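The values are calculated or read from the model by the stated rules, or taken from the named source; none is laboratory data. Because the structure is predicted, anything quoted here is derived from the model rather than measured. Cβ coordinates were reconstructed from backbone atoms using ideal geometry, including for glycine residues, and neighbour counts include every protein chain displayed. Ligands, DNA and RNA are excluded from the accessible area calculation, which covers all protein heavy atoms including side chains. Shrake-Rupley method; radii C 1.70, N 1.55, O 1.52, S 1.80 Å.
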2 protein chains.
Amino acid sequence: MKGNLYIIPSSISEENIFPEINKDIINTINHFVVENSKVSLGFIKRICPEKEISYENFEVLDEDDPIITSKQLGLCMRGENIGLLTDAGCPNIADPGAKLILHAHENNINVIPLVGPSSILLAMMGSGLNGNNFSFNGYLPVDKNERSIKIKKLEIQSRNNNQSQIFIETPYRNQSLFDDLKRNLNNHTFLCVAKNIGSKNQKIKTMQVKDWKSKKEIIEKEPTIFIFHSGLVTF
Amino acid sequence: MKGNLYIIPSSISEENIFPEINKDIINTINHFVVENSKVSLGFIKRICPEKEISYENFEVLDEDDPIITSKQLGLCMRGENIGLLTDAGCPNIADPGAKLILHAHENNINVIPLVGPSSILLAMMGSGLNGNNFSFNGYLPVDKNERSIKIKKLEIQSRNNNQSQIFIETPYRNQSLFDDLKRNLNNHTFLCVAKNIGSKNQKIKTMQVKDWKSKKEIIEKEPTIFIFHSGLVTF
């Protein structure tokens, strides 16, 4: 019988935001495929302090080579459970993992995702913007012109389809993206800025663009999720 | 000082999929705005068996009237914490709550979402399809022709934007939607069928449409999330 592939959410700080059952499952797993061994070792030691674990229990995820990815499922094919971990957050949600998981499906390995924090989902829940129809767009283009075009295109899409648009940015470019959003979006578009989600100083705020303009908010390098919704707010 | 609005995920079955901190927070809250009082009372009694709570602690969410929604935040404006609960899942993720949350933002009430299960997010994690760019589309049109057009439109969107398309259906129409997907999608499109997510008999399976066609899978009335991704799988 084949083992299961557990998809395990993680975090670099808080431990009390994970269900107890995650700990029980992690305690039964001896082989982890991870984004970064040091980060994952730290996480597991915090969640399961009594677990005997070392770098020997880790294999670094290699998604560039599909053959290696498939090989990394070898133990699972032979009956052992495997845990997939990224540095912080949910594997495959704006994080690596897709190819390994797809290979598991191709090999009829049972895939079991565990409950845990996703800053994207938490931001969407807390935004008050339309969560019946939303699109996660990852990163916007870095080039200023292309980015402006993309923002305006997403705003039209939001208005036409009544769809909330979610995206993220590398922390050091957050302020510049925020300025671009204020410059390019319609004054009446609702914009949610969700900072430091999952940590003690998290802050979620939704206002119309005209109100953000008058607020002079500074985002600096805090991890931030941006969500906007254009047009009449009808859910 | 104003109270906080806590956005609380819930479930109708398992209790061990919630972080312990949710229980601590629920124990401090005496006023809940809920989708259905009976369901929410049952949930809180299971999560916090020692908590003294009755129907007097609940107010039914009324999103049709923005004035009432705003009034429901009255206790929060006067310093009390409020919890928002839907029947099962995360408020505002394919569930009610958006208007109340948006009113909280307008009234400068702090909005705090708690971690918990979202079948949409868990299905996306487990699908192995592109989670760097995905769109949650809610329900597709009921009319057969309109639905076929929509499926084909979303397939083009998936291919052009490398975007996974997620949607749900009323359980009794699941089988008919599944048949429509097999009929309308390209044979090489990857389709994930995620059934009974969050319960013990959950099952997530991703295959190309041609393989689903030969499998004769029956979905019946199990709660199901559908995700597809068209074109070359490049993440």
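Of the conditions (1) among the basic types (Lys, Arg); (2) open to solvent by less than 40 Å² (accessible area, probe 1.4 Å); (3) closer than 28 Å to B:Ile29 by Cα, B:Lys99 satisfies every one except a single condition; which number is it?
Exception for B:Lys99: condition (2).
Within the stretch B:130-153, take every residue that is more than 7 Å from chain A (Cβ to nearest Cβ) and touching a strand residue (DSSP E or B) at 6+ places or on another chain (Cβ under 9 Å) and give me the one that is surrounded by the fewest Cβ atoms within 10 Å (Cβ to Cβ).
Among those residues, the one meeting the criterion is B:Tyr139.
Any chance you could count how many residues in the stretch A:210-232 are assigned to a loop (DSSP other than H, G, I, E, B) and polar (S, T, N, Q)?
1
Which residues, counting only those in the stretch A:194-231, are away from chain B (no Cβ under 11 Å), without any contact (Cβ under 8 Å) to a residue 40 or more places away in the chain and buried (at least 19 other Cβ atoms within 10 Å of the Cβ)?
Result: A:Lys195, A:Val209, A:Trp212.
Among (1) open to solvent by 20 Å² or more (accessible area, probe 1.4 Å); (2) assigned to a loop (DSSP other than H, G, I, E, B); (3) not acidic (Asp, Glu), there is one condition B:Ser70 misses while meeting the rest; what is its number?
Here B:Ser70 clears every test but (2).
Which one of these is on the phi < 0 side of the Ramachandran plot, part of a strand (DSSP E or B), touching a strand residue (DSSP E or B) at 6+ places or on another chain (Cβ under 7 Å) and more than 10 Å from chain A (Cβ to nearest Cβ): B:Glu80, B:Glu59? Before you say what the answer is, go through the steps one by one.
On the way: B:Glu80 fails: part of a strand (DSSP E or B).
Going through B:Glu80, B:Glu59 in turn, just one is on the phi < 0 side of the Ramachandran plot, part of a strand (DSSP E or B), touching a strand residue (DSSP E or B) at 6+ places or on another chain (Cβ under 7 Å) and more than 10 Å from chain A (Cβ to nearest Cβ): B:Glu59.
Can you tell me which residue within the stretch B:161-179, out of those that are open to solvent by 20 Å² or more (accessible area, probe 1.4 Å) and in contact (Cβ under 8 Å) with a residue 60 or more places away in the chain, is nearest to A:Tyr139 (Cα to Cα)?
It comes out as B:Asn162.
Contact list please: Cβ distance under 6 Å, first residue in the stretch B:94-109 and facing another protein chain (nearest Cβ under 8 Å) and in a helix (DSSP H, G or I), second residue open to solvent by 10 Å² or more (accessible area, probe 1.4 Å) and among the polar types (S, T, N, Q), pairs at least six apart or on different chains.
Correct list of pairs: B:His103/B:Ser70.
Kindly establish whether B:Leu122 is modelled with pLDDT of 95 or more and part of a loop (DSSP other than H, G, I, E, B).
no
Can you tell me which of (1) open to solvent by 80 Å² or more (accessible area, probe 1.4 Å); (2) without any contact (Cβ under 8 Å) to a residue 24 or more places away in the chain is the one A:Asn16 doesn't meet?
Just one mismatch for A:Asn16, condition (1).
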